[in-house]
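Peer 1: Below is the structure I would like to discuss, written out as structure tokens.
A short reminder: the numbers here are calculations on the coordinates, not readings from a lab. These figures come from a predicted structure and were not determined experimentally. Ideal geometry is used to build each Cβ from the backbone, glycine not excepted, and the neighbour counts take in all protein chains shown.
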Amino acid sequence: MAPSFPTDDYYSVLEVDHGADMATIRASYKRLAKLRHPDRNLGDPSATATFQRLGAAYSTLSDPNKRTAYDRQRVQRSEKKATNMWGTGNAEKASQEEWWKEYGERVRRRNEEYAEQERKRRDEKLAEEKKREAAAEARRREEYAEQLRKRMEEKLAEEKRRAAAAEERRRKEREEWDRQELEWRVQGEKWKRREERWKKLAEERKADEERKAEEWRVQGEKWKEREERWKKLAAERESEEERRRREEEDDYIL
């Protein structure tokens, strides 16, 4: 029993001629698979069915046995359509050449119409894809601009924070310098007062030493005068004793 195929024209689905070779069919399938993949047609509800028909068409036409059976069934279906359109009597009376010529013309017009519809749908899809891509690009640009704006704001905030931290650090350093300068000034005043006190103490000590030296000098002069007086008294005593001794000697002699 011959396999049953859908009523879709697989050649039209793959956008190739009936006599196309395998290389042409394969190239057309790859191109259409990328174009009509559901992930690239998220807004089209029939994208999955279209992609499945595309896969079924390529699976049939890429296999020589399936393609032969499909072509045979396609011819039979065309003959059946011709018989239904013209009737059995008219078909038998019509010459074979005229019948095939008219049938070929109808098929050609139908294929042209289908190709035109496919071209329009493809153009519409391309336009929609371009529109979506443009919208996506605009969104990406807006997102990038927003990210850039946020990064700039964060950078400015970080710079302000660093500037504020640097200003606070400089303020603390100035306060520390002022405090140290005040401490140095107070320490300098303390050293100045201490130096003045030392000078005063030195002057008082010098004056005391001079006073003591003067006292020692006066005391020395007093001791010197006393010593001279003692010497004078001693000399006078010796003279008195010598005089008494001589008087005693004189009295003894007498």
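Peer 1: Take Arg179 and Glu228, extend 7 Å from each Cα along the Cα→Cβ direction, and tell me the distance between the two endpoints in nm.
Peer 2: Simple spin-label model gives 7.3 nm for this pair.
Peer 1: Taking a cut-off of 27 Å between Cα atoms, list the lysines near Lys150, but don't count ones fewer than 8 places away on the same chain.
Peer 2: Hits, sequence-local ones excluded: Lys160.
Peer 1: Excluding residues fewer than 8 places away in the same chain, name every one of the lysines whose C-alpha is closer than 22 Å to that of Lys224.
Peer 2: The qualifying lysines are Lys212, Lys232.
Peer 1: From the phi of every residue in the range 25-35, what ³J(HN,Hα) in whole Hz does the Karplus formula 6.51 cos²θ - 1.76 cosθ + 1.60 yield, where θ is phi - 60° and glycine or proline is x?
Peer 2: Result, ordered by residue: 5, 5, 5, 5, 5, 4, 5, 6, 5, 5, 6 Hz.
Peer 1: Tell me, how many Å apart are the Cα centres for the range 179-237 and for the range 132-169?
Peer 2: With the range 179-237 and the range 132-169 each reduced to a Cα centre, they are spaced 83 Å.
Peer 1: List the lysines whose Cα sits under 29 Å from the Cα of Lys190, skipping any in the same chain fewer than 8 residues away.
Peer 2: Lys172, Lys199, Lys200, Lys206
Peer 1: Per residue of the range 180-193, what does 6.51 cos²θ - 1.76 cosθ + 1.60 with θ = phi - 60° give for ³J(HN,Hα)? Whole Hz please, x for Gly and Pro, Karplus curve as stated.
Peer 2: Those phi angles translate into 5, 4, 5, 4, 5, 5, 5, 5, x, 5, 4, 5, 5, 5 Hz.
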